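What follows is a short report on a single structure.
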Amino acid sequence: MSLSRLMLITLASSLALTTQSAWSEPLTQASEIVERANIASYYAGDDGRSAARMMIVDGDNRQRRQFTLLRKDINDGGEQRYLVVFSRPADIRGTVFRVEKRIGEGDDRWLYLPALDLVKRIAAGDKRTSFVGSHFYYEDISGRSIDLDDHQLVETTDEHYRIESTPKDPSNVEFARYLTWVDRETLLPMRTDYQRDSGEVFRRMEVTRVETIDGYPTGTEMRMSDLDSGGYTVTQFRFSEYNVGLPDDIFSERSLRNPPRDWLQRN
């Protein structure tokens, strides 16, 4: 067989696979879409490490944050451990946020404040309050449990699934519902609009950049906007990597005051 004919066959095969992928049958169950989107967003690999830069904008006021995020899965789609260690600016350097994420029960969250040498437990009622002065909430960092809401598939387009989610206990949240646009190819949630009873959108999360890292589609830039005030926070994730072999003991209570510096540095 000639080289040119082999190349034509290879090209035709590639086009056939691409066409098959593009026209694959869409998912139809909201529960499956939400579960797979949750895995894609928060459970890539067995563990992960990222350096992050956060810019907080409120009118003319701009603040910056810099931190490293470490994450380890206990089981896929289930329990996780998080450690977030801040390095800048100087007034919050050494602040550490720790999460033990559980399914079917409340997550445990702690914040270490070095200026006061104080470990503060984040109460369940505070999980939807500002994360270190940003427009992200504590709950946004490790993710909201999908079991807390009822989910309905309201639209399927060529690019997205649109899911409407309503809280099972409205008294614990400030929104009446939220709509999420899930990318059909990567299953990453690309936009989430939080609505009041009136249908007015007052808070919006957008993934503004996606890169494939170690084989996993990853949102590397996110924007959280307060549509009432016009303020917003942009978080950029850099040097992300997965399956780095994080040991269990770095997610302990001891790491709040003594973070694992060897794992906060890029190798």
| note | The answer for the net charge of residues other than Leu227 whose Cβ lies under 15 angstrom from its Cβ, with Lys and Arg +1 and Asp and Glu -1, is -2
| request: Choose one answer from Thr208, Thr180, Thr233: the residue with the largest mean-square fluctuation in a GNM of the chain with alpha-carbon springs under 10 Å. | output: Thr208
| request: Please tell me the relative contact order of the range 150-256 in percent, rounded to the nearest whole number, where contacts are Cα pairs under 8 Å and at least six residues apart. | output: 14 percent
| Going by alpha carbons, how many degrees (0 to 90, nearest 10) lie between the helix axis of 30-42 and the longest principal axis of the chain? | 60 degrees
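Can you tell me the relative contact order of the chain? Whole percent, Cα pairs under 8 Å, sequence separation 6 or more. Can you show the working numbers first?
Details: 519 pairs, mean separation 49.1, N = 267.
RCO, the chain: 18 percent.
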| query | To the nearest 20 debye, what charge dipole does the range 47-174 have about its Cα centre, counting +1 at the Cβ of each Lys and Arg and -1 at the Cβ of each Asp and Glu? | reply | 920 debye
| task | Give me the distance between the Cα centres of the range 52-125 and the range 193-231, rounded to whole Å. | result | 19 Å
| task | With r as the distance between the Cβ atoms of Ser252 and Leu118 and R0 = 22 Å, compute the FRET efficiency 1/(1 + (r/R0)^6) and round to 0.05. | result | 0.80
| the chain: angle of helix 3-22 to the longest principal axis, Cα-based, in degrees nearest 10 | 50 degrees
| Which one of Val234, Val119, Val154 has the biggest mean-square fluctuation once the chain is modelled by GNM with Cα springs under 10 Å? | Val154
| task | Could you tell me which of Asn61, Ile33, Met190 has its Cα farthest along the dipole of the chain towards the positive end, charges placed at Cβ (Lys, Arg +1; Asp, Glu -1), taken about the Cα centre? | result | Asn61
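Given the DSSP H assignment, sum -39500 (n - 2.57) over each helix run of at least 4 residues in the chain and divide by its residue total; what's the result at 222 nm in deg cm²/dmol, nearest 500? Mind dumping the intermediate values first?
Values: 5 runs with 46 residues, N = 267.
Per the formula, -5000 deg cm²/dmol.
Counting only other residues whose beta carbon sits under 15 Å from that of Glu25, what net charge do I get with K and R as +1, D and E as -1?
Details: positive: Arg36, Arg184; negative: Glu32, Asp158, Glu185.
Counting the neighbours of Glu25, the net charge comes to -1.
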| message | With +1 assigned to the C-beta of every Lys and Arg and -1 to the C-beta of every Asp and Glu, and no other charges, what is the dipole magnitude of the chain about the Cα centre in debye, to the nearest 20? | response | 1120 debye
| remark: The relative contact order of the range 22-172, taking Cα pairs under 8 Å that sit 6 or more residues apart, comes to a percentage of 15 percent
| request: Compute log10 of I(q)/I(0) for the chain with the Debye formula, placing one identical point scatterer on every Cα and leaving out solvent, at q = 0.08, 0.13, 0.14 Å⁻¹, to two decimals. | output: -0.37, -0.90, -1.04
| Choice from Ala90, Ala44, Ala52 showing the highest fluctuation, given a GNM over the chain with Cα pairs closer than 10 Å | Ala90
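Values quoted throughout were computed directly from the atomic coordinates according to the rules given, and no laboratory measurement underlies them. All of these numbers come straight from a predicted model, not from anything done at the bench. As a convention, Cβ positions derive from the backbone with ideal geometry for all residues, glycine included, and neighbour counts pool all protein chains shown.
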